[in-house]
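This report refers to the structure that appears directly beneath it.
The values are calculated or read from the model by the stated rules, or taken from the named source; none is laboratory data. No experiment lies behind these values; they were computed from the predicted model shown. Here the Cβ positions follow ideal geometry from the backbone for every residue, glycine too, while neighbour counts run over all protein chains shown.
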């Protein structure tokens, strides 16, 4: 019996390696027909790898990659990420502007805390302003009036003491003619804002005595409670129109009672020269632009009377407004010198 040579026997490694190669060739020849599970399981791991390497082609390789990509792309975890991503963008990214109606915007604005605070500040400011205005009006209408009234009255009484003699006028009967002191002297023109006389109006009470000064400046004359003479008007004693301006209310209320005047009422202008006596002729209401009331002949040339001297007083109307002007006209009816004493109509009013 012939013995086999040791070289003819295959080693375990060679047997293992040759078997998969033959199996791979047979598998390739069989066009990829699957082997039985038993045979497949019997193949060593290395043989399986070799079979895959030999049997795979480029197309199979590409299809495997695409399948892997699809498997990854459609993995459920990515669906969860896609659902969470819009919420994340909304929370961290720029917010999309929503269209809001005008009514909703206004409602939101008026109900906001900032508007409430602003409204509170405005309200407090208006209350403060109202208090300030009330205090100012109280000062202007009461306190300041009293101060100016007292100051102007003190000046008028001081003037009366300087310009009035102690002589008391003799009472005269209604039938007796008044004394004739000749033509009234024309008063010299005073400097601006200078005090030159007193004005007495018995209709307004036994204590109505006001100061007459030159000019119609607010601070220098009118706001001190004085009757201010229009600089371009005539002088007392001169034929024509002696025109004065005066506040009706405020600043001592010097002419508040103007509507009480009646035709024939006496108005006396006292100066260092003596007393110029006038009697009210009429009153009228005009608009502020009718400045002709202070002309030399108020009412036009048709109203001119040769040698006549007229006293005109202008004041505001209504009492607390200035929409109109209340005009008082008085005609000069007499004159008497200072040493003759005051006219009987104002004798009790003069503080000598």
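Confirm whether residue 330 is part of a loop (DSSP other than H, G, I, E, B) and on the phi < 0 side of the Ramachandran plot. Full working, then the answer.
Values: part of a loop (DSSP other than H, G, I, E, B): no; on the phi < 0 side of the Ramachandran plot: yes.
Spelling it out, it is not the case that residue 330 is part of a loop (DSSP other than H, G, I, E, B) and on the phi < 0 side of the Ramachandran plot.
Apart from one condition, residue 183 fits all of (1) surrounded by 12 or more Cβ atoms within 10 Å (Cβ to Cβ); (2) part of a loop (DSSP other than H, G, I, E, B); (3) modelled with pLDDT of 80 or more; the exception is (1). Picking from residues in the range 270-300 that are at positive phi and surrounded by 14 or more Cβ atoms within 10 Å (Cβ to Cβ), the one that is nearest to the chain's Cα centre (by Cα) is 299. For the range 218-230, filtered to residues that are touching a strand residue (DSSP E or B) at 6+ places or on another chain (Cβ under 7 Å) and surrounded by fewer than 22 Cβ atoms within 10 Å (Cβ to Cβ), the residue that is farthest from residue 155 (Cα to Cα) is 230. Among the conditions (1) buried (at least 21 other Cβ atoms within 10 Å of the Cβ); (2) within 21 Å of residue 251 (Cβ to Cβ), the only one that residue 310 does not satisfy is (2).
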